[in-house]
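Take a look at the structure below.
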Amino acid sequence: MIFSGPERQAPKTVLETEPSHLARYRFASEFIKSKDLVLDVPCGSGYGSNLISAKAQKVVGVDNNFGAIQHAKEFFHANNTEFLIADMESLMDFFSEDLKFDVIVSFEGIEHIKRQDFFLSQVRKLLKTDGYFVISTPRKPHGSIFHTREFSLEEFYQILSRDFIVEKMFGQIYTDIFDMDKRPENPHFYKKFNFIAICKPKSE
């Protein structure tokens, strides 16, 4: 492990990764086509970017941790991956509005930042009009001291709905990911429960 930080992993192969994390990326890959340009933010140590690169034309992984990006470049580089040191709260400082992604994935990141609304508005600007935004967050209360704000299901819908149409909400219990409309589990019955939203951008 060449870096440290709160709630970070540094596996050297995809198969060494926490299974629940891999499950989210495998789920997201269902929305990726071979021609797609994909943004993974925050990408952490790069294992997820590497996994979904098998489905995409190119994956750009972004994280603000230098060690994480160095780890990603060392262990998870592929011919169609690029890893950048950048802050997820300042994406427009690194990407032009002329650049549009087909799919943007953001797993377990929004609860760590302060400008959550601003982050989502930047994602909308960088996403194609017919693109997919796949985002996850742990249900409130999670209890991590590193979280700036956690979300109930209703609060997650509310903040996403300002910039996106939430097409579907999924629940995740360990590696089990399911449609919450078809299986309305109570998130508070489980020690760990994550929400995964599938979103389309609202028009300007």
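The values are calculated or read from the model by the stated rules, or taken from the named source; none is laboratory data. Just so you know, these numbers come straight off a predicted model, no measurement behind them. Heads up, the Cβs are rebuilt from the backbone with ideal geometry, glycines too, and the neighbour counts pull from every protein chain shown. These accessible areas exclude ligands, DNA and RNA; they are computed on the full protein's heavy atoms, side chains included. Shrake-Rupley method; radii C 1.70, N 1.55, O 1.52, S 1.80 Å.
Structure data summary
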| read-out | value |
| --- | --- |
| Simple label model, 7 Å out from Cα along Cβ direction - K202 to M180, nm | 1.9 nm |
| M92 accessible area, 1.4 Å probe, all protein chains in place, Å² to nearest 10 | 50 Å² |
| For the stretch 32-79 and the stretch 148-194, distance of Cα centres in Å | 24 Å |
| Carbon + sulfur, % of accessible area of the stretch 25-165 - ligands and nucleic acids excluded, 1.4 Å | 50 percent |
| Extended-chain gain in nm, criterion 0.36 nm per residue less alpha-carbon gap, K12 and D98 | 27.5 nm |
| Calculated P(r) tail over 21 Å for the stretch 99-196, as whole % of Cα pairs | 32 percent |
| For the chain, convex hull of alpha carbons as volume per residue, Å³ | 112 Å³ |
| Ranking by accessible area, most exposed first, for T175, T129 with a 1.4 Å probe | T129, T175 |
| Average Cα contact separation per residue, the chain, under 8 Å, 6 or more apart, as relative contact order % | 18 percent |
| Net charge over other residues, Cβ less than 15 angstrom from the Cβ of N80 (K, R count +1; D, E count -1) | +1 |
| Solvent exposure of the stretch 128-204 as accessible area per residue, Å², 1.4 Å probe | 55 Å² |
| Charge dipole magnitude, Cβ of K and R +1, D and E -1 - the chain, Cα centre, debye nearest 20 | 280 debye |
| Candidate residues Y190, Y174: accessible-area rank, largest first, probe 1.4 Å | Y174, Y190 |
| Share antiparallel - DSSP beta bridges, the stretch 45-204, percent rounded to 5 | 60 percent |
